[in-house]
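**Q** Submitted below is the structure of interest, expressed as structure tokens.
The values are calculated or read from the model by the stated rules, or taken from the named source; none is laboratory data. These numbers were taken from a predicted model, which means no experiment stands behind them. Using ideal geometry, Cβ is built from the backbone for each residue, glycine included, and neighbour counts are taken over all protein chains shown.
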Amino acid sequence: MEIGKKIPIAIERYILDIAIVAILAIIYAPLLIHWYDGWLNKNISIEHEYFSHGLIGLPFAAYIIWTQRQEWRELPDSAHPLGIVFLILGGISYLSGQSELVHLSFPTILAGLCLWLKGIPGFKLQFVPWLLIFLATPTA
């Protein structure tokens with residue numbers, strides 16, 4: 001009985017986190033699969049071959065984010081206005097359909113989310129993982 005009561009409370013507590021991760025997964029999973037396919041099979045383009053460090057960088061960034069999750073939750077919720085600017089810019093870039101802009105929309109959206117949800121302290125906390133993701137993003 002106790003477990004049955006705790007599960008809905010946990011879901012209710014983290015519903016926003018679950019929704020954000022689900023939306024990002026739906027939108028960016030095909031892009032990330034394309035990146036990994038390109039890195040492994042060298043079929044994105046010759047320029048993107050130099051970004052194959054993303055094979056290590058993206059999982060390492062995810063690991064850092066996971067280890068900092070408690071610090072993230074302890075930060076006060078304070079939106080920074082620059083966050084919405086990055087979110088809009090990232091959304092426009094994604095919808096543009098140009099491969100360069102679609103690729104760069106991923107770190108832009110992530111920066112916007114950090115700034116919108118936790119402000120400057122949240123972005124400072126997630127700066128190293130964000131930088132790893134940004135540097136792993138294939139561009140021409």
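**Q** For residues in the stretch 28-75 being at pLDDT below 90 and of a type in the set (Ser, Thr, Tyr), which is surrounded by the most Cβ atoms within 10 Å (Cβ to Cβ)?
**A** Out of the qualifying residues, it is Ser52.
**Q** Which condition does Val128 not pass, out of (1) under 22 Å from Thr67 (Cβ atoms); (2) free of Cβ contacts under 8 Å to residues at least 40 places away in the same chain; (3) hydrophobic (A, V, I, L, M, F, W, C), if it passes all the others?
**A** (2)
**Q** If Asp77 meets every condition in (1) more than 14 Å from Ile109 (Cβ to Cβ); (2) touching a helix residue (DSSP H, G or I) at 6+ places or on another chain (Cβ under 8 Å); (3) part of a helix (DSSP H, G or I) apart from one, which number is that one?
**A** Among (1) more than 14 Å from Ile109 (Cβ to Cβ); (2) touching a helix residue (DSSP H, G or I) at 6+ places or on another chain (Cβ under 8 Å); (3) part of a helix (DSSP H, G or I), the lone unmet condition for Asp77 is (3).
**Q** If you don't mind, another one. Of the residues that make up the stretch 107-123, is at least one assigned to a helix (DSSP H, G or I) and without any contact (Cβ under 8 Å) to a residue 12 or more places away in the chain? So that I can check it myself, show each step before the final result.
**A** Of the residues in the stretch 107-123, the ones assigned to a helix (DSSP H, G or I) are 107-123.
Still in the running and without any contact (Cβ under 8 Å) to a residue 12 or more places away in the chain: none.
So far as the stretch 107-123 goes, no, none of its residues is assigned to a helix (DSSP H, G or I) and without any contact (Cβ under 8 Å) to a residue 12 or more places away in the chain.
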